[in-house]
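Please read the structure below before turning to the comments.
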Amino acid sequence: MNKRTNRLLVGVAAVLGVGGLGAAGAFIMKKREPRAAKKRRGRTTEAGDVWARPGMRVIFRAELMPGRDSSERIFRVASVLPSGRVTLEGFAGEHMEKEFEALR
């Protein structure tokens, strides 16, 4: 938001009685992210900022594979996609981070 629009919205919020420390006022007054950071949000751009790496072992959560022992739920990461999902060796499909158990 540019400065003029921000002032207008703050004025409208104050007239409506929302201004000050209310949720709408806080939302309007919140500093915006730079445009470059907004485009990067949700994507991993740096090589060091990923949750898995090729060759790393991951364990599926027990809720997703009931009746299997943890040793049967271990797979190796084949590749990490730009979206943050992974493909596994010997298991079809793309998988998200929340499908796996946390590292111990």
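Where a number appears in this text, it was derived from the coordinates with a stated rule and is not lab data. Since the model is a prediction, treat every value here as computed from it, not as a measurement. Quick reminder, even Gly has a Cβ in these numbers, built from the backbone with ideal geometry, and neighbours come from all protein chains shown.
Points worth noting:
- Neighbour-count ranking [beta-carbon atoms within 10 angstrom, fewest first] of ILE59, ILE74: ILE74, ILE59
- For the range 53-59, putting each phi into the Karplus relation 6.51 cos²θ - 1.76 cosθ + 1.60 with θ = phi - 60° gives couplings of 10, x, x, 6, 8, 10, 10 Hz, in residue order, rounded to whole numbers and with x for Gly and Pro.
- Once the Cα-Cα distance is subtracted from the 0.36 nm per residue extended length, the LEU103 to ASN2 segment shows a gain of 32.0 nm.
- Here the residues ARG4, ARG85, ARG57, ranked from fewest to most Cβ neighbours within 10 Å of their Cβ, fall in the order ARG4, ARG57, ARG85.
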